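The values are calculated or read from the model by the stated rules, or taken from the named source; none is laboratory data. Every value quoted in this text rests on a predicted model; they were computed, and no experiment measured them. Counting neighbours? That spans all protein chains shown, and the Cβs are built from the backbone with ideal geometry, glycine included. Surface accessibility is based on the protein's heavy atoms, side chains included, excluding ligands, DNA and RNA. Shrake-Rupley method; radii C 1.70, N 1.55, O 1.52, S 1.80 Å.
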Amino acid sequence: MKDQRGVPINNLPTGELLQILDSTVLLLATDKEGIITYCNELFCEVSGYTAATLLGKSYEILHPRCADQPVQDRRCGILNDNKKWQGEICATSKNGVLFWLQTNLVACRDEKGAINGYLTISSDITKHMLSAINEEGENDKYRNLFNYSPIPMWIYNRQTLAFMDVNQAAIRNYQYSREEFLGMNIKQIRPSDDLQQLQAALTRPKETPYQNFKEVFRHTKKDGTIIKVNIQSNPIMYEGVQAKLVLATDVTEELEAKSALSLANMRLTTAQEIAKLGYWSNDLVKNAVHWSKEVYNIFELSEETFELTFDNISSMYHPEDRWIMGADINTTFADKEIDEFDNRIVTPDGKTKWIHQKIRLIRDSFDKPIAIEGVVQDVTESKEKEQHLEESNERYRLLMKASREALIDWDIVRDVTIWGDGFATIFGYDLSVYDNYLWSGNIHPEDREQVLKDLEETLANPLKKVFYADFRYLKANREVTYVQHRGLIVRDKNGKPVRAVGSLLDMTEVVERNIKIENQNKTFSEIAWIQSHKVRGPLTSLMGLVNMLKMPPLDDTTKENLIELLGEAANELDKIIHEIVEKSERVIINDNTLQR
């Protein structure tokens, strides 16, 4: 047999008897381990719990902190002597308030006579018990209920405010002994700053009998810990004087949880505003759209005037992006649960903004789409920066291609290097194949050892931040080039190198030009030396011979000898002039080459 909630009920009366009981008394059934298997509507109304909450839970949920210690003993009694039990039970409702039941507890047995569960048939006697507490404050029945309550309780004198009685729960929770409590008044468990609140509560109009007073106060435990308690009190007569019975439920954790939740919500709202992030949802069944406040802010719209319809929202999208609003959801989510994309919107004043959306489709148990939800973030600023950065990077790439430099970005910690395009355009290497030794492995063998040694010394010196080196570098086709390496060393706070950024500048043309200039200068030096040394000899000879021919008288033999010597000197001078001309022509040719 099953009740309307579909929960099995074993060994219960059936038919009309069950219907009568179900509508007139409080019914609760458990298995033999005390797990609740059934409760009727009347029991839920009195206890404040729903059936869904109680079913499958231990019976002790109604008796926290052993509120009704004899319960297990009563079950044992039924088990041992096969007797039914009748009596009054005090339980705790969902909101922490005590209620009293007049209960008949019986054991349910299987076909073999073994106990397989328990059934309680009860009636609510809470009002009666409260009346009894007022009228019979000192009787045993009241004393048991008072002492066994899991909620701290006490009685105080309404005139002197002194404690007249306290239960064990109050002693445990507040850490005072019974004797200490009875030597104090209710002001002494309050922080001094809260005495004014207490006085205001005490001077309110007097309650009518059984009127329940509720308010949250701060109390101080013996160790100084401050807790927040929900005070419920009723006026009673106790030991012949006007008194109050107080229930003090500790709600510190509950209020802190609410405060934390409120703070978390506030922080979430603040975070959404800072991050320019909003939430939206679309109930496909009810055709109802919801936007958070931040979505309105992103779209620069008013919650009061903007109607959330498909056409209105679609009109806010950039004309080139409106196709997104009409996209088929089954196609969009065919192979994924979440979709994300960037699109543009146009604000009422004509400003174009970029938003990033992340959306999710929600389906029911039959895989039918029932809702879409998502977050939208204003990414206009980052999108514009991204575009500017891309433009800047493109200009930089073009500049690097036009230059004769190859960039190097070396992550020293991870030993990973990013090679600039120049290694492909200038030196001919294939950058699609990663080579972490593209730089060091292609330094000319005759220069490699010294260059790497200089680099190692630079890295080891925490005071050095730059590295310069001139060396020969091999292209991919093994052609030798002359390069100048310039680098910046980035160090951590301890001086340890973590990154190096540098460039290789192709200096081949400059070096070759310098070599040609050096050779040209050498030729000029040779010409100057020839002019100052070689030309001087034959020229001096010619001048001397000419002077000798002018000295009379000269015989014919002497004249012939002088003329012969003049010819030899002239020939020697001619050879020297030809040598100078040849060297000069080479200089002219080299100079034309340099100019080109």
**Request:** List the aspartates and glutamates whose Cα lies under 13 Å from the Cα of K383, skipping any in the same chain that are fewer than 8 positions away.
**Result:** D342, E391
**Complete:** As straight-line cross-link partners of K516, the qualifying lysines (C-alpha separation under 29 Å, not fewer than 8 residues apart within one chain) are K401, K475, K534, K575, K583
**Message:** Give me the Å³ per residue figure for the convex hull around the C-alpha atoms of region 224-293.
**Reply:** 179 Å³
**Fill in**
Ranked output for segments 226-232, 197-203 by mean other Cβ atoms within 10 Å, highest leading, reads 226-232, 197-203
**Prompt:** Say the cut-off is 21 Å between C-alpha atoms; which of K293/K368; K258/K286; K276/K353; K187/K228 go over it?
**Reply:** K293/K368; K258/K286
**Fill in**
Pseudo-spin-label distance K493 to A476, built 7 Å along Cα→Cβ, given in nm, is 4.5 nm
**Prompt:** Quick one: ranking K351, K575, K94, K383 by accessible area, 1.4 Å probe, largest first, what do you get?
**Reply:** K575, K94, K351, K383
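Order V376, V241, most accessible first, counting only protein heavy atoms with a 1.4 angstrom probe.
Putting V376, V241 in descending order of accessible area: V241, V376.
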**Message:** Once ligands and nucleic acids are excluded and a 1.4 Å probe is used, how much of H356 is accessible, expressed in Å² to the nearest 10?
**Reply:** 50 Å²
**Prompt:** Which value in Å does the Kirkwood hydrodynamic radius of region 330-420 take, with 1/r averaged over all unlike C-alpha pairs and then inverted?
**Reply:** 17.6 Å
